[in-house]
Amino acid sequence: MSDPAKTRRHAERIRELVASLVREIKDPRLGMVTITDARITGDLREATVFYTVLGDVTEQSSTAAALESAKGMLRSRVGHALGLRHSPSLTFVLDNVLENVKEIDDLLTQARLKDQEVQRLAAGKKYAGDPDPYKIEDDEDDSERVGAGEDQG
């Protein structure tokens, strides 16, 4: 097991290296790629590289094929640059940021509509019960009880 800080540094370095090396790939199938993240296992043997592609599904699939075909070159260059005994195997995962953004926007819109509905229903309504639900006894009643108790004793 390696140090978690060392693992994070290697993952960040892999992300930077792959992002710079992707520009050198001469495959025409490669689209507008952005490397968003990289993660590496504790034994530094396997790395997962997350990427996004600007375009539709066909451009995403062709970019995935281009990255898969360039995996060997990327692996050897990354391993050499990191100075590791064994080059980490690379796995590329499409990071669907745009779909996640759309889903979050839809959820926020739903929440906003529900809040507006609750505000509309609450307009002009009163709370069910006293305005001050905590009962406060009068000071005069307390002084009468104390005085009565002293007279009897």
Contact list please: Cβ distance under 8 Å, first residue in the stretch 73-87 and over 22 Å from Lys26 (Cα atoms), second residue among the basic types (Lys, Arg), pairs at least six apart or on different chains.
Leu82/Arg13; His86/Arg45; Ser87/Arg75
Among the residues of the stretch 116-131, is there at least one that is out of contact with any Ser or Thr (no Cβ under 7 Å at 6 or more places or on another chain), at pLDDT below 75 and of a type in the set (D, E, K, R)?
yes
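Can you find a residue in the stretch 54-63 that is in contact (Cβ under 8 Å) with a residue 12 or more places away in the chain, within 21 Å of Glu16 (Cβ to Cβ) and within 24 Å of the chain's Cα centre (by Cα)? First the steps, then the outcome.
So in the stretch 54-63, the residues in contact (Cβ under 8 Å) with a residue 12 or more places away in the chain come out as 54-55, 59-60, 62-63.
Next, from what is left, pick out any that are within 21 Å of Glu16 (Cβ to Cβ): 54, 63.
Filter again for within 24 Å of the chain's Cα centre (by Cα), leaving 54.
Yes, some residue in the stretch 54-63 is in contact (Cβ under 8 Å) with a residue 12 or more places away in the chain, within 21 Å of Glu16 (Cβ to Cβ) and within 24 Å of the chain's Cα centre (by Cα).
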Can you name the residue in the stretch 23-40 that is within 25 Å of His10 (Cβ to Cβ) and without any contact (Cβ under 8 Å) to a residue 24 or more places away in the chain and is also least open to solvent (accessible area, probe 1.4 Å) among such residues?
Ile35
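The values are calculated or read from the model by the stated rules, or taken from the named source; none is laboratory data. These numbers were taken from a predicted model, which means no experiment stands behind them. We place every Cβ from the backbone using ideal geometry, glycine too, and count neighbours over all the protein chains shown. Accessible surface is based on the protein model in full, side chains and every heavy atom, while ligands, DNA and RNA are left aside. Shrake-Rupley method; radii C 1.70, N 1.55, O 1.52, S 1.80 Å.
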